[in-house]
Amino acid sequence: WAQSFPIGVRRIVVGFRDDAGFVRKLQTLETLKLPGYAARHPRAWDPKTALRFADRLLTWLRKHLEQLPEGTRVRLEYEPTGAGGARAPNEVRLRVCDDGEVPDFVPVEAREALRRAAAL
């Protein structure tokens with residue numbers, strides 16, 4: 001949602017996970033209707049919480065990426081808290097892994113356009 005709402009994506013596919021982190025149900029939802037859906041289903045989802053999480057994640061990610069050499073490819077990994085896990089419930093851990101096997105899926109022209117935009 002955090003990446004879809006600001007740029008006007010109309011529908012997203014949402015995965016509903018169990019307590020062990022496994023996706024048990026997929027559903028297509030209209031992005032603009034998510035806050036209303038959440039209001040009708042207590043503890044289902046909170047857009048403010050999602051935006052705060054996205055802000056913290058992107059701030060953390062930028063800090064770490066700025067320390068890496070240009071062109072380094074990374075992989076973010078989410079490790080859900082499983083039953084009997086050592087972490088607190090709902091804790092999210094992400095790890096940046098150097099990974100030369102990550103394919104370069106962004107076309108050269110797009111990377112150059114992003115570099116020019118970042119220089120403004």
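The values are calculated or read from the model by the stated rules, or taken from the named source; none is laboratory data. Nothing here was measured: the structure is a model prediction, and the numbers come from that model. Cβ: placed from backbone, ideal geometry, glycine included. Neighbour counts: every protein chain shown. For the accessible areas, the whole protein counts, side chains as well, though only heavy atoms, and no ligand, DNA or RNA atoms are used. Shrake-Rupley method; radii C 1.70, N 1.55, O 1.52, S 1.80 Å.
Structural remarks
- Within straight-line cross-link reach of residue 63, lysines at Cα separation under 30 Å, skipping those fewer than 8 residues along the same chain: 48
- Ranked by how many other beta carbons lie within 10 Å on average, peptides 41-49, 29-37 from highest: 29-37, 41-49
- Accessible area ranking (1.4 Å probe, heavy atoms, ligands and nucleic acids excluded), largest first, for 112, 77: 112, 77.
- Pair residue 27, residue 119: separation of 7 Å Cα→Cβ label points (nm): 4.8 nm
- Residue 108-residue 74 pseudo-label distance in nm [points 7 Å out on the Cα-to-Cβ vector]: 2.6 nm
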